[in-house]
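Asker: Next up is a structure, given as structure tokens.
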Amino acid sequence: MRSGTSVAVLVHLSIKEKAMKIQRKSWYGLAICVLVTSLAIAVVAMAEDIGKEVKETAVTLVDMPQVVQEVILKESQGFKLGELLEVVTDRGVYYEADWIDGVDEVGILLAADGTVIDREREKADADDQEDDEQDDDDQDSEG
């Protein structure tokens, strides 16, 4: 009788383990489906914007609205500004600014009212830092 009970318990445990594996695989499948769906939604959103015209123009700081200038100067904390752009879309006019703060390359996107919409920070390449230092040396030799 004991061996019959032991076999029944082992069979029950084996069935339970298989069920748990199937359940775990189902969760993995669900997670993958959610990820794929999210990516699909992002691609559709991007595709809708592809047909829309975006115009980027290089500008100087003085070409930007006063409030945008103030935010850029405050955010950059005195570091030398890099590329400045005016971006015109069907949703409005935006401004981009970037600079290297000694370690990181920083970029911000602002609305025309000075609101920071996006901020990006990534490690500056050695080339970026050398270019920035070379620009500083060129300015020192000129002045």
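The values are calculated or read from the model by the stated rules, or taken from the named source; none is laboratory data. Everything numeric here is computed off the predicted structure, so don't read it as measured data. Glycine gets a Cβ as well: all are built from the backbone with ideal geometry, and neighbour counts include every protein chain shown.
Asker: Among the numbered criteria (1) surrounded by fewer than 13 Cβ atoms within 10 Å (Cβ to Cβ); (2) within 30 Å of LYS123 (Cα to Cα); (3) at pLDDT below 90, which single criterion is violated by GLN66?
Answerer: It is condition (3) that GLN66 fails.
Asker: Just the residues that are modelled with pLDDT under 90 and either part of a strand (DSSP E or B) or hydroxyl-bearing (Ser, Thr, Tyr) (or both), please, taken from the stretch 89-104.
Answerer: Those that are modelled with pLDDT under 90 and either part of a strand (DSSP E or B) or hydroxyl-bearing (Ser, Thr, Tyr) (or both): THR89, GLY92, ILE100, ASP104.
Asker: Give the residue that is nearest to ASP98 (Cα to Cα), with candidates limited to residues of the stretch 57-78 that are charged (D, E, K, R) and touching a residue at least 12 places away in the same chain (Cβ under 8 Å).
Answerer: GLU75
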